[in-house]
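The structure under discussion appears below in the form of C-alpha cells.
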Amino acid sequence: MKNFDFAAGEVLLIDKPLTWTSFDVVNKLRFSTKCKKIGHAGTLDPLATGLLIICTGKKTKEIDGFQGLEKEYTGKMVLGRTTPSVDLETAFDSETSIEHLQVTDLEALIPQFVGIIEQTPPIYSAIKINGKPAYLAARKGKDLEIKPKTIEIKTLELKANFPEVSFRVVCSKGTYIRSLVRDIGQILGVGAYLSELRRTRIGEFSVTDAYALPVLVEELAEKAKNE
C-alpha cells in the first residue's frame, strides 16, 4: 500500500458507493485518515456512483481547480414516467404512453443539447436559494424559482431500448444530468426519469483508477493497526 501523508496533502480517487452522499464519503475518510482537513471536489447524488475526488491537507487548496474540470457520465433514463426529483428518490407522479416514439425522434433532439446551452437546475438539488439548498424547500412542497445557468455539453450519445435509453455525456462544470433527462422527456412530450448514473471521468482522472471505498478503508485500518 502507498505511504500516504494526509496532512501534507493527498488526492484520493474514490468510486462512490450507491446510496452514499459525497459528505458520507468525506466523513468516513476523515475518520479513517485521522485528517481533519479534507473535502471533495464535486458532489455526486446519493443514487449516483462513480468518481469522487477527495483532497486532504494542503491539497484541499486545489479543490476549486478539480471542480472546474470536464466531467464524463454514463447512465440510463426511462421515458414515459416522471418523479419530482427526476430520479428514484421520490415516487412516480405521472405516466405517459411512449408507443408513438421512434429512435429517430430521440436522435433528432441531440443537436438541441450539444454545445453551450442554458440549463435550469432541478428543484431537488443542493443549489442555494436564499442561502439554503433548494431540496429543503422542494421536500416541503414549496414552489421555487431557479434561474437557468450557462453550461456546455460537449458530447451526448443516446442508445434506445424503449422505454430505457442509455447515454454517455461529456460536459462542463455545473451540468445537471437530471436536468438533461428532465428536458429530454419534456421535449419528447412523455417525461423521463434518471434510473442509473455513474461518473466515469473528471478531467484526466478516471474511475478505473479509483479505490473502492471499503477496500481503502480496510487498508488504512490495517496499516494503523500495524503501526
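A few remarks follow.
- Beta bridges per DSSP with both ends in the chain, % antiparallel, nearest 5: 90
- When the listed pairs 28/225; 16/154; 34/59; 61/154; 28/128; 59/223 are checked against a 19 Å cut-off, the alpha-carbon distance exceeds it for 16/154; 61/154; 28/128; 59/223.
- Global size of the range 71-202 as Cα Rg and Dmax, reported in angstrom: 14.4, 44
- Calculated FRET efficiency for the pair residue 96/residue 117, C-beta based, R₀ 25 Å, to 0.05: 0.55
- Set of the range 19-59 residues, backbone N closer than 13 Å to the point 7 Å along the Cα-Cβ line of residue 146: 45
- Trypsin sites (Lys or Arg not before Pro), loop per DSSP, at most 16 other Cβ atoms within 10 Å - longest free stretch of the chain: 38-139
- Calculated [θ] (222 nm, deg cm²/dmol) that DSSP helices of n ≥ 4 give over the chain, each run adding -39,500 (n - 2.57): -8000 deg cm²/dmol
- Value of Rg to Rh for the chain, rounded to two decimals, is 1.01; Kirkwood radius and Rg both from alpha-carbon coordinates.
- Applying the criteria of a DSSP loop state and at most 13 other Cβ atoms within 10 Å to the chymotrypsin sites (Phe, Trp or Tyr not before Pro) of the range 66-129 yields 92.
- Restricting the range 147-205 to GluC sites (Glu not before Pro) in coil, as DSSP defines it, with at most 13 other Cβ within 10 Å: 204
- Helix runs (DSSP H) in the chain reaching 18 Å along axis by Cα, Kyte-Doolittle at least -0.5: 213-226
Taken together, the values in this text are just the output of simple stated rules run on the coordinates, not laboratory data. The shown structure was predicted, so the numbers you read here are calculated from the model rather than taken from an experiment. Don't worry about glycine lacking a Cβ; one is built from the backbone with ideal geometry, like all the others, and counts go over all protein chains shown.
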